[in-house]
Amino acid sequence: MIEDDLRAAFARHEALTPPVGPLRSTIDRLAAARRRRRLRLRAGGAALALLGVLAIGIPLLTPDRVAEDATLLAEPAGSAPTGALNILLLGVDGSAKEPARLADSVLLVHIPADRSRPYLISLPRDLAVPIPGHGTDKLNAAFQYGAGDGRPDLGRGYELTRRVVTDLTGVRVDAGAVLTYPVLRRLTDEVDGVEVCLPREVRSIHTKRVFRTGCQRLDGAASVDLLRQRRGLPEGGLDRDRHAQLFAAGLIRRAGEQGVLTNPVRLFALVDTVGADLVVGGDGSPLVDLLKVLPDLKSVDPVGLSLPVGPPEGLGWRLPPDPKEAPAFLAALREDRLAQWAARNPGQVNRTR
């Protein structure tokens with residue numbers, strides 16, 4: 001009897017029940033929007049990580065702001081920059097939590113206005129430069145002066161180095177990144193290794209690893225081991241700068257081969273790998289605008305160059321800019337004529353593969 005009454009009551013009220021189709025559609029739509037938002041955040045964070053290495057500019061970020069500012073990728077973008085771009089990459093043996101030492105590598109990436117190809121310009125760490133508030137010292141000291149003692153402020157270290165590089169070169173630095181060795185190691189592993197072609201054998205003083213002459217694919221640990229080597233090389237820090245160019249060029253080519261910037265699956269993996277450990281900075285165009293220059297590049301095969309320097313001076317082994325060749329080189333950089341300069345000075349073009 002009770003069961004029959006219940007069935008009758010349900011039958012009487014069934015007509016008053018709203019259709020479930022629209023409600024289910026609304027729920028599905030909201031769930032899909034939330035999924036898309038999460039994907040955009042993940043892709044944004046990963047793009048920030050890789051773009052630091054690939055030398056594509058990004059607004060000033062610190063580790064606690066990466067996820068927040070990654071939403072820029074989901075916003076409408078303006079027009080892409082049309083002029084030359086200059087991006088500063090600093091290789092640092094340290095992290096946001098551990099004391100940062102001197103900047104091991106200072107690499108200025110120049111993307112010409114004609115978007116022909118990237119130019120990787122090594123600025124020697126031992127270069128004698130004026131550092132605001134600290135007199136004249138080696139270029140690598142600018143990062144440590146800015147970052148401070150104790151727990152380093154990588155953003156301040158980058159900013160002071162950026163000021164020094166701007167004063168030295170006379171070009172605007174549009175963006176840049178501080179790349180600690182843990183970041184480089186994880187990024188390298190995430191793209192399944194980077195091919196580096198060495199002109200001579202290198203023996204690690206840290207691990208006793210032997211890097212043979214010729215091309216070889218290195219994982220993250222091996223890449224960091226190679227990038228740390230300076231002692232025992234014929235030209236010391238200058239050879240390490242060339243190794244940094246070889247690694248950066250290999251990473252750019254590897255990312256291009258894998259389509260990392262256009263493959264969401266690869267981007268999502270990178271954000272989990274790097275997370276908030278990357279510190280990037282810049283005061284130029286928004287990231288979403290700078291991303292638009294990528295399809296315009298006629299070649300992603302970089303040209304390696306170095307600021308011409310003279311012999312070391314004094315007991316500090318500081319390297320002065322070459323009084324004859326450095327001014328012409330810097331003028332070519334400022335006037336976006338590096339292709340012509342490289343053609344006239346083939347002996348000063350570093351191999352990148």
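The values are calculated or read from the model by the stated rules, or taken from the named source; none is laboratory data. Nothing here was measured: the structure is a model prediction, and the numbers come from that model. With ideal geometry, Cβ positions are generated from the backbone for all residues, glycine too; neighbour counts draw on all protein chains shown. Heads up: the accessible areas ignore ligands, DNA and RNA and are worked out on the full protein's heavy atoms, side chains in. Shrake-Rupley method; radii C 1.70, N 1.55, O 1.52, S 1.80 Å.
Here are a few things to note about the model shown:
- All positions within the range 298-353 that are open to solvent by 30 Å² or more (accessible area, probe 1.4 Å), in a loop (DSSP other than H, G, I, E, B) and hydrophobic (A, V, I, L, M, F, W, C): 300, 315, 317
- Selection within the range 190-201 - open to solvent by 80 Å² or more (accessible area, probe 1.4 Å) and acidic (Asp, Glu): 192, 195, 201
Rundown of residues vs (1) modelled with pLDDT under 50; (2) surrounded by fewer than 23 Cβ atoms within 10 Å (Cβ to Cβ); (3) not β-branched (Val, Ile, Thr), yes/no style:
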residue: 59; (1), (2), (3): yes, yes, yes
residue: 85; (1), (2), (3): no, no, yes
residue: 93; (1), (2), (3): no, yes, yes
residue: 104; (1), (2), (3): no, yes, yes
residue: 133; (1), (2), (3): no, yes, yes
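- Residue that is farthest from residue 258 (Cα to Cα) [pool: residues in the range 190-233 that are among the β-branched types (Val, Ile, Thr) and touching a helix residue (DSSP H, G or I) at 6+ places or on another chain (Cβ under 8 Å)]: 207
- Filter result (at negative phi and at pLDDT below 90) within the range 228-241: 228, 230, 231, 233, 234, 235, 237, 238, 239, 240, 241
- Residues located in the range 209-244, provided they are assigned to a helix (DSSP H, G or I), under 10 Å from residue 198 (Cβ atoms) and hydroxyl-bearing (Ser, Thr, Tyr): none
- The residue list 137, 126, 149 contains one member that is touching a helix residue (DSSP H, G or I) at 6+ places or on another chain (Cβ under 7 Å), open to solvent by 10 Å² or more (accessible area, probe 1.4 Å) and not polar (S, T, N, Q), which is 126.
- Given (1) under 24 Å from residue 112 (Cβ atoms); (2) open to solvent by 50 Å² or more (accessible area, probe 1.4 Å); (3) modelled with pLDDT under 95, index of the condition residue 167 fails: (3)
- When residue 172 is tested against (1) open to solvent by 50 Å² or more (accessible area, probe 1.4 Å); (2) within 20 Å of residue 246 (Cβ to Cβ); (3) of a type outside the set (Asp, Glu), exactly one condition is not met: (2).
- Counted residues, the range 202-240 - those being under 20 Å from residue 92 (Cβ atoms) and surrounded by 15 or more Cβ atoms within 10 Å (Cβ to Cβ): 18
- Restricted to the range 147-191, and to residues there that are free of Cβ contacts under 8 Å to residues at least 12 places away in the same chain and outside any helix (DSSP H, G or I), the residue that is nearest to the chain's Cα centre (by Cα) is 153.
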